[in-house]
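All of the numbers you see were taken from the coordinates with simple rules; none came from a lab. What you see is a predicted model; the values in this text were computed from it and never measured. Neighbour counts run over all protein chains shown; Cβ positions are idealised from the backbone, glycine included.
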Amino acid sequence: MLACSQSSDVISSNLNACLIVTEAEVELAIGTPVTPGLRQNGRQCLYQAKRNPQETVTVELNPGPDGDTKSLFHDQRSKAGHQPVPGVGDGAFTLRSPIGGIQLTFLKDDALVTLSLSSSKQPNPQTAVTNLAKVAATRLGGPLRSGPAAATEPGLTATPSQWAGDWYGCPPVGLMYGKGHLALSEGGTWSLTTAVLMPGTVTADRGRWQAESYQEILHGTYQVAGNDRFSTTGILSVTWDKLAKNQGPNKFDPLLWQSFAAVPRKVTVKRLPPVEPSLVGTWEGSAKFVDRQEEFVWTITPANVSEFYRATSQSGRIEKEQDRFRLIVPQSKTPPLFVRVLAQDKLELTDNSGTVSQWNRNEKLLTRC
């Protein structure tokens, strides 16, 4: 399969639908290990959970009658019960799948893609299929590779001017997608910061606290130290300093922080036990580990709303490996990351789990994560 820059060219070349998302990305969405994608025909690929084949993700391409994908997209979108999904490709909507689960259809250039997800282990299938579609739409906007061509194509790795600088992407973080800022220097060093927001609820009273979000549940004890400081123990052993009203955090990556502020949010919760008044406000804290640095911002309201921001930073040296780069974390057993430059304004990053994400030089991409 030769790399193509336009999705219309890809479809006309009988695209293997199993190239649109990776096995690791499907596992992230479905919440359980899956079998390799089974190409059922030139336009459909099936992934099945290893333990329960009834849990599936299906990727389907449809060029539409005479290649008119836009008309087909609008026809399907007119069906009763469709829900628009912003921020995916050139337009997207979801419907309940006729075989159970949920399906999302999106249009990207001349490609019409439907992702069908059925999983009892995924607590939020709507979010999962949307995140998977964002990855698929991003990948369709650039070159697709498979087989020997992927291993032999040289890529743009000849001079630092082609890869050095700042890059932005939406890498997966657990069951969500974070905002990423990657800096590659001509001197052979790199730094990567990935930030995620976990909105949810919080209870804090009599020295014990618990914050719940879609991503995870955090809990422990706390101790107040004056009006502008408190500390937590347990899962988070952090000292928190209060931020003044309208004050940004001191250490959190400023670009990533600003991109969070650009997206409006509204969270409503049922009545819960009270939050101790001294903990209400916006706080920042840090934690240092052998292989990474973590910065936190935590907003707590009297109405039990919790907005927990976490930015994880790593840095190290760059090593060339054939047509890609290894990003090494010194003095750590952490597996390296891999970067492959596709063009002067596009690269792909492979993380420790084998998941591939697309990155470019435009920081506006962060508002879509």
Cβ-placed point charges (K, R +1; D, E -1), dipole of region 297-369 about Cα centre in debye, nearest 20: 100 debye
Spacing of the two label points (7 Å from each Cα toward its C-beta) at Phe289 and Lys364, in nm: 3.5 nm
Amide H neighbours of Ser120 at under 5 Å, excluding residues fewer than 5 places away on the same chain, with H built from the backbone geometry, are none
Check: C-alpha center region 169-203 vs C-alpha center region 227-253, spacing in Å is 19 Å
Quick one: dipole size for region 231-329, taken about the Cα centre, charges +1 on Lys/Arg Cβ and -1 on Asp/Glu Cβ, in debye to the nearest 20. 260 debye
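Compute the projected area of the convex hull of the Cα atoms of region 249-369, averaged over all viewing directions, and report it in nm² to one decimal place.
10.2 nm²
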Hey, what D do you get for region 189-264 in µm²/s if you plug the Kirkwood alpha-carbon radius into Stokes-Einstein at 4 °C and 1.567 mPa s? 89 µm²/s
